[in-house]
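Below is one structure, written out as structure tokens, with a few remarks after it.
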Amino acid sequence: MADYNAPVKDMKLALNHIARLTELSSMPVFEDASDDMVSAILDEAARVARDVVGPTNWEGDQTGLKLDESGVVCPECFHDAYSQYAEGGWGSLQFDPEFGGQGMPYLLSVSVMEMWQSANMAWGLCPLLSQGAVECLSINASDELKGIYLPKLISGEWAGTMNLTEGGAGSDLSQVRCKAEQDGDHYRITGEKIFITWGDHSLTENIVHLVLARLPDAPPGVRGISLFLVPKYLVNADGSLGEYNNTKPLSIEHKLGIHASPTCVMGFENSVGYLVGELNRGLACMFTMMNNARLGVGLQGVAISERAYQQALNFANERIQSPAVGHKEPGPIMRHGDVRRMLLTMKALTEAGRALTYDACGSIDFSHHAEDPERREKEKARAALLTPVVKGWCTEFAQEVTSLGVQIHGGMGYVEETGAAQHFRDARILPIYEARMVFKPWI
């Protein structure tokens, strides 16, 4: 089973020559993102991905999860990897220094996030969703909520989740039935949510759930949905953790892939929640996090493809078989033309997907920081156009790339010990979550 080594050279090519990181770095707001700083960040992230996160991938997949009275129990190796991630400040790269962020371009953080997803996609979903929660709260939450929750989410001490889906209310969120009732300066949330990624765990001290719910007098359909922040533990006035807030994992799903990522049925019983944004405007607020997640899922398609390619390339160079055309002696299957064709297909799709994804994320940076207002609007429109393309195409080609990875391994790809099958299984979720492609025209 091959180790993961981040393709830093390929990443820099896409960052600088396609996604325009060099231009971003020339802006005063990103003056710290010098070539030397970017190289140092990418090199150190590559080391952490290879030596810390990567080794947890196989163990996590084989160990899986369990649910007991304390909640979800994750593979033990995940705890040390997450601690080193948080202590290294890796979750803070692109965020506002006012709340403990480093103020780097979002684009740079995307290349680092690719490394986490390649190293261990199941583990990487936790920081991916937390960063989406930070984006959502940064744009929509009150100053009071930002002051309480953003520093801990950005530091990685707390994690974030997205709670949309209910039984009978999947892609059609107009059917949401989770209830919210006002209780003084907060609300009481009651209901169940399903398919909640990293809905419960013990990697962090607290979990911040962003929950879509409906007030009793709310208008029907999506116009009556509000967004609430529901912490696992309430926060005292001094910032310490207080009472448990009745957010409970009722069960965990047994899935085809991402075995070590807890996909929970979450129960909320009279749980304290705080309004994010305006009443009945919850879906608009949540789209901030959803769009971030869709780019993240597209990035996962690139990441798992890169991991599958590296594994297949290593196997093709080591596996000795019958003589290839032009050779008299048995040798590595890399010599065979069809193996090279499959590897080149894997590589080409992965590189193209990385270029597209980074380019879209670069437009997001320019939409916020370009000096010219007209350019900001154009970059915003461009990012809006490219986001569903990234999510759709990169997740679809990941199915082909990981399948080719299995094919190159032959019979050994069909058994679990080589690891090729895990990439194939893990990739299958990508066209499904964050909106199935069949629904894309109207989502």
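The values are calculated or read from the model by the stated rules, or taken from the named source; none is laboratory data. Please read these numbers as outputs of a predicted model, since none were measured by experiment. A quick note on method: Cβ atoms are made from the backbone with ideal geometry, for glycine too, and the neighbour counts reach across all protein chains shown.
Leu250 meets the conditions (1) under 18 Å from Met162 (Cα atoms); (2) at pLDDT 95 or above; (3) buried (at least 19 other Cβ atoms within 10 Å of the Cβ); (4) of a type in the set (A, V, I, L, M, F, W, C) in every case but one. The failed one is (3). As for region 145-153, it holds no residue that is in a loop (DSSP other than H, G, I, E, B), more than 14 Å from Phe228 (Cβ to Cβ) and modelled with pLDDT of 95 or more.
Evaluate the following for Val73: is it in contact (Cβ under 8 Å) with a residue 60 or more places away in the chain, in contact with a helix residue (DSSP H, G or I) (Cβ under 8 Å, 6 or more places away or on another chain) and β-branched (Val, Ile, Thr)? No. Evaluated against (1) under 31 Å from the mean Cα position of the chain (by Cα); (2) buried (at least 21 other Cβ atoms within 10 Å of the Cβ), Ile333 falls short on exactly one condition, (1). With respect to the conditions (1) without any contact (Cβ under 8 Å) to a residue 40 or more places away in the chain; (2) among the acidic types (Asp, Glu); (3) touching a Pro at 6+ places or on another chain (Cβ under 6 Å), Asp172 falls short on a single one, namely (3).
Can you pull out the residues in region 1-48 that are small (Gly, Ala, Ser), surrounded by 13 or more Cβ atoms within 10 Å (Cβ to Cβ) and modelled with pLDDT of 95 or more?
Ala6, Ala14, Ala19, Ser25, Ala33, Ala45, Ala46, listed by residue number.
Taking the criterion of being assigned to a loop (DSSP other than H, G, I, E, B) and touching a helix residue (DSSP H, G or I) at 6+ places or on another chain (Cβ under 9 Å), the residues of region 171-196 that qualify are Ser171, Asp172, Val176.
Ser305: of a type in the set (Ser, Thr, Tyr), within 30 Å of Leu164 (Cβ to Cβ) and either free of Cβ contacts under 8 Å to residues at least 12 places away in the same chain or out of contact with any Pro (no Cβ under 8 Å at 6 or more places or on another chain) (or both), yes or no? Answer is yes for this residue.
Within region 154-170, restricting attention to residues that are assigned to a loop (DSSP other than H, G, I, E, B) and not acidic (Asp, Glu), the residue that is nearest to Val211 (Cα to Cα) is Leu164. Taking the criterion of being more than 28 Å from Ser261 (Cα to Cα) and in contact with a Gly (Cβ under 8 Å, 6 or more places away or on another chain), would at least one residue in region 32-48 satisfy it? Yes, some residue in region 32-48 is more than 28 Å from Ser261 (Cα to Cα) and in contact with a Gly (Cβ under 8 Å, 6 or more places away or on another chain).
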